[in-house]
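First up is the structure itself, then whatever we jot down about it.
Since every read-out is calculated from the coordinates, none of them should be taken as a lab result. All values reported here derive from a predicted model rather than from experimental measurement. Here the Cβ is made from the backbone with ideal geometry for all residues, glycine too, and neighbour counts use every protein chain on show.
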2 protein chains.
Amino acid sequence: METRYMEYANLLKQKELKSTPQRVAMLGILDRKGHADIDYIYNEIKKDFVSISLATVYKNVNTMLGAGIIQEIKVPYQKSKFEITKHKHSHFVCEKCGEVYDIQEPKKLDVELPEGFEPKEASVMIMGVCPSCK
Amino acid sequence: METRYMEYANLLKQKELKSTPQRVAMLGILDRKGHADIDYIYNEIKKDFVSISLATVYKNVNTMLGAGIIQEIKVPYQKSKFEITKHKHSHFVCEKCGEVYDIQEPKKLDVELPEGFEPKEASVMIMGVCPSCK
DNA sequence: TTTTCAAAGGAAAAATATTTTCCTCAGGTT
DNA sequence: AACCTGAGGAAAATATTTTTCCTTTGAAAA
């Protein structure tokens, strides 16, 4: 996965952020897990960076959110999860295990908006049971 | 609005919860505002119940959530808001003022789910600009 | 009505969660 | 190699939410 690390480093630099081992590791964790909350990221990264501070994880999450490198997903009944920004998509959340999955967004979505409402974008979330939990 | 208070009282009793003036007031605030976060509810209710504890607001929100009387709405970039449970609907969130509006849900929603995913329900949120902010 | 009792309210403390401060260190440029 | 700004770590400060403990009250029963 050497190449991946380089990708993350470049991604950070493109956004005018310093590429640090901690940030690269965080992106690696998010890439592998798909969707992770702060605690997951912190516990995972501690395996490689034993003395990393939780504050660093928070600070990097906020910085990378601000740069648009990652995005926050607010999930019902759970702490927010984060994912690396990619092509627009929707989410499926398993109500058994809580796992979040990316799914393709509906091709079209006709919502009836009252007069004067200007839609900019839509987000769709499906709750249900995932294959592993059936 | 006398009648409304009776409605709230009955609503609580139907769910086996004690009807207290504080709970009735909270429901009244939610009904009037539509969607409110903890701080809004607390600040509003303090006008009538000067010495109410923030803990009481939290406890009642959790209790009424558990009973299904109210529901939590996780809004991007904001603290969670709560609303009285009503017929199923979607939400429009104004990215300028943060206000949440109820809108009718899309008639149909065809999402392509990978094999093995069992959808139970969908939630749609539209971000955009509301009439007041245009 | 009065009595009764579990559940609710209030105050304060505790537990969680997140951000900030402050100082040292390191990434990336000169 | 030297420089400088931004990043990391530790700890403190804030913010948020829950719990504890004791008093009060809603509402059912007597």
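Things worth noting here:
- Across the identical copies, the label point of A:P21 (7 Å from Cα in the Cβ direction) is separated from its matches by 6.3 nm, in order from shortest.
- Label-point spacing for B:T85 across the identical copies (point 7 Å from Cα in the Cβ direction), in nm and ascending order: 3.8.
- Here the sum of -39500 (n - 2.57) over DSSP H runs of 4 or more residues, divided by the residues of chain A, equals -11000 deg cm²/dmol at 222 nm, to the nearest 500.
- Multiplying the residue separation of A:E99 and A:A55 by 0.36 nm and removing their Cα-Cα distance gives an extension gain of 13.3 nm.
- At 7 Å out from Cα toward Cβ: A:K107 inter-copy label distances (nm, ascending): 1.7
- Fewest-first ordering of A:T20, A:T56 by other beta carbons within 10 Å of each residue's beta carbon gives A:T20, A:T56.
- The two copies B and A are related by a rotation, and the chain B beta carbon nearest its axis, with distance in whole angstrom, is B:K74, 2.
- Where only alpha carbons of segment B:87-134 are counted, the Rg and the Dmax (Å): 13.9, 44
- Loop sites in segment A:1-102: trypsin sites (Lys or Arg not before Pro), DSSP, at most 15 other Cβ within 10 Å: A:K15, A:K18, A:K46, A:K47, A:K79, A:K86, A:K88, A:K96
- Percent of Cα pairs exceeding the 26 Å cut-off, where the set is chain A: 32
- Of the GluC sites (Glu not before Pro) found in segment B:1-72, those in coil by DSSP whose Cβ has at most 13 other Cβ atoms within 10 Å are B:E16.
- In nm, spacing of pseudo-spin labels at B:T63 and A:E16 (7 Å Cα→C-beta vector): 5.2
- Fraction in percent of alpha-carbon pairs per bin - 5 Å, the protein assembly as shown: 1, 5, 11, 13, 14, 14, 14, 12, 8, 5, 2, 1, 0, 0
- With both residues required to sit in chain B, DSSP beta bridges show an antiparallel share near 70%.
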